[in-house]
Amino acid sequence: MKVAAIIPAYNEVRTIEEVVQLALSCSCIDDVIVVDSVSTDETAAVAAEAGARVVSAAIAGKGEAMSAGAAQTEADVLLFLDGDLIGLQEEHLDRLVRAVEQGADMSCGLFDRGPFFNPIFLKFLPILTGERAVRRHLFDSLHDEDAHGYKIEAALNSRCGELGCKRVAFVCPGLWHLTKEKKYRNPVAGFILKNAMLVTAAREYLSYQVRRRSRRRAAARAGS
């Protein structure tokens, strides 16, 4: 079972080298692809120097970058990783891939928020994370309109449930990321963007069902 690590990256020059090197050192990964999502810094150059295969996404957006990366490989399992990770360990990647090799259609690794918040995010909140191992058939089954921007994470969850696929989720000990507040010179702007992303993802669950019903009605009319 071939595994490709796909790393969407937008202005991740501070962290991309470490993420790429860790992915390259993992024996369960056959290919490492960084998708430069219209970065304005040296993300692409640093990723290439670290050893990744670098491609460019023509349109900015996380979903667009994930799709661009998937189009560059015929791997059976697509391991998506954020480019801003801190504390990533080989055991995190092994566990994500192993869960799929052992029968899951998608595995999700969550950030380590500590003993109080981890159970809440794992059991009671929607699983929103960029760290996912996904079987090719599941990712390819997404409709084009469901794969735009940050809503792709919620769309993958919804599609997984729609098809009755098996999903596994767990916390990755020690894993965190460079937050939007630290990425932007204006912490307030970073905070606003972060919360806008969460609202977009949450709204996607309802929007997905609306689009799903609309597509079914259109298919029914076409078949009548």
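Tallying residues that are surrounded by 22 or more Cβ atoms within 10 Å (Cβ to Cβ) and not hydroxyl-bearing (Ser, Thr, Tyr) within the stretch 55-68 yields 5.
Of the residues making up the stretch 25-42, those that are within 18 Å of the chain's Cα centre (by Cα) and outside any loop (DSSP other than H, G, I, E, B) are ASP31, VAL32, ILE33, VAL34, VAL35, ASP36. Going by the structure shown, is GLU101 more than 20 Å from ALA154 (Cα to Cα), surrounded by 14 or more Cβ atoms within 10 Å (Cβ to Cβ) and of a type in the set (Asp, Glu)? Criteria met by GLU101. Close contacts from the stretch 119-145, counting a first residue that is in contact (Cβ under 8 Å) with a residue 12 or more places away in the chain and within 15 Å of PHE170 (Cβ to Cβ) and a second that is assigned to a helix (DSSP H, G or I) and of a type in the set (Phe, Trp, Tyr), with Cβ to Cβ under 7 Å and a gap of 6+ residues or different chains, come to none at all.
Table: residues versus (1) in a loop (DSSP other than H, G, I, E, B); (2) of a type in the set (Lys, Arg); (3) touching a Cys at 6+ places or on another chain (Cβ under 8 Å).
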site: LEU93; (1), (2), (3): no, no, yes
site: ALA99; (1), (2), (3): no, no, no
site: CYS108; (1), (2), (3): no, no, no
site: ASN118; (1), (2), (3): no, no, no
site: HIS137; (1), (2), (3): no, no, no
site: LEU142; (1), (2), (3): yes, no, no
site: ILE152; (1), (2), (3): no, no, no
site: GLY161; (1), (2), (3): no, no, no
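When restricted to residues that are surrounded by fewer than 21 Cβ atoms within 10 Å (Cβ to Cβ), outside any loop (DSSP other than H, G, I, E, B) and touching a strand residue (DSSP E or B) at 6+ places or on another chain (Cβ under 8 Å), the stretch 69-91 contains 1.
All of the numbers you see were taken from the coordinates with simple rules; none came from a lab. A quick note: this is a predicted structure, and the numbers were derived from the prediction, not measured. Positions of Cβ are generated from backbone atoms using ideal geometry, with glycine treated the same way; all protein chains shown enter the neighbour counts.
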